[in-house]
Structure formats: structure tokens, C-alpha cells
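Notes for the one structure printed next.
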């Protein structure tokens, strides 16, 4: 019995896999990846921002307390930090969803992520690393074809 044809050659498997990979790359181009990254990271920050407010944008007393204790930052007053963080967590995610000023918004949220990692939750680095991965993709690639940046020809 000739078993040489029983299993495909490594060369044939590589060619098959490369064809599959090319199809996946065409199907999931940068525009889809950027859209998913924008929506994913925007939801994380926006939902965090919503925990800090009542109504539209009224900062809660509990938020001020958190920025005086658990979220305390050096050189920044708790009142200012609470306002900056809360409004940033509303504005920049909204811009990311729209794909407007994507690189600037991603850069701002990356800066916020670094502050959280260094000063607030240094042991949460796996979570912050995943956020950074999404944000760095958006900083490098922009919002993609499915963004207002593309419509307005903004880089």
C-alpha cells in the first residue's frame, strides 16, 4: 500500500493556508479592524464615564470621593482630575464612535490609560495592555474607511 498520498505535503498545506490567510485579510481589512477597535475601546471608556455621573454630565459626590482617595493623582487636585477624567471618558469615546479625530482621541485615551496604569492600578497591566493595543492600532492606522475622518479627508 502506497501511503505517500495519504497525507498532504507540508508544501501543499502551506499553499492552502496562505490562500485562506489572503481571503481572511481581504474579508477583514483595516477598515473593519479599525471599526471594531474604535467601538470596543470607546465602549470601555464611555461606560466608565457613565459611572461617574448622574443625568447627562453631573458628576456624583461618589466620584469626587474616589478622586480624593483611590484615584488620587500627584500634582492634580481631585476636583480637576474628576472633571478631566469624566469629560474625557465621554468626549473621546464619542469621537471614536464617529471616527472623527480618531488619532487624537486614541492618543488622549492612551495617555489616560498610562496615568491609570502608573498611578491608580499598576497591577491591572494586562487589562491596560489590551487597551493600549487597540489604541495604538488607531493611532497608527486612523479611523479607517468607515469613519468621518475618511469622509472629511482628515489624517
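One table, with the values for the structure above:
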item: Count of the range 39-53 residues which are over 15 Å from the mean Cα position of the chain (by Cα) and part of a helix (DSSP H, G or I); result: 1
item: Output for the range 112-155, where each listed residue is within 17 Å of the chain's Cα centre (by Cα) and at positive phi; result: 142, 144
item: Which listed residue, of 50, 26, is modelled with pLDDT under 95 and either more than 22 Å from residue 151 (Cα to Cα) or surrounded by fewer than 18 Cβ atoms within 10 Å (Cβ to Cβ) (or both); result: 26
item: Test: residue 106 is surrounded by fewer than 16 Cβ atoms within 10 Å (Cβ to Cβ), farther than 20 Å from residue 67 by Cα and in contact with a helix residue (DSSP H, G or I) (Cβ under 6 Å, 6 or more places away or on another chain); result: no
item: Only listed residue being more than 15 Å from residue 144 (Cα to Cα) and outside any helix (DSSP H, G or I), chosen from 56, 15; result: 56
item: Single condition residue 36 does not satisfy, out of (1) farther than 18 Å from residue 142 by Cβ; (2) free of Cβ contacts under 8 Å to residues at least 24 places away in the same chain; (3) part of a helix (DSSP H, G or I); result: (1)
item: Filter pass, residue 148 being under 17 Å from residue 97 (Cα atoms) and modelled with pLDDT of 95 or more; result: yes
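The values are calculated or read from the model by the stated rules, or taken from the named source; none is laboratory data. All values reported here derive from a predicted model rather than from experimental measurement. Cβ sites come from the backbone with ideal geometry, for glycine too, and all protein chains shown count toward neighbours.
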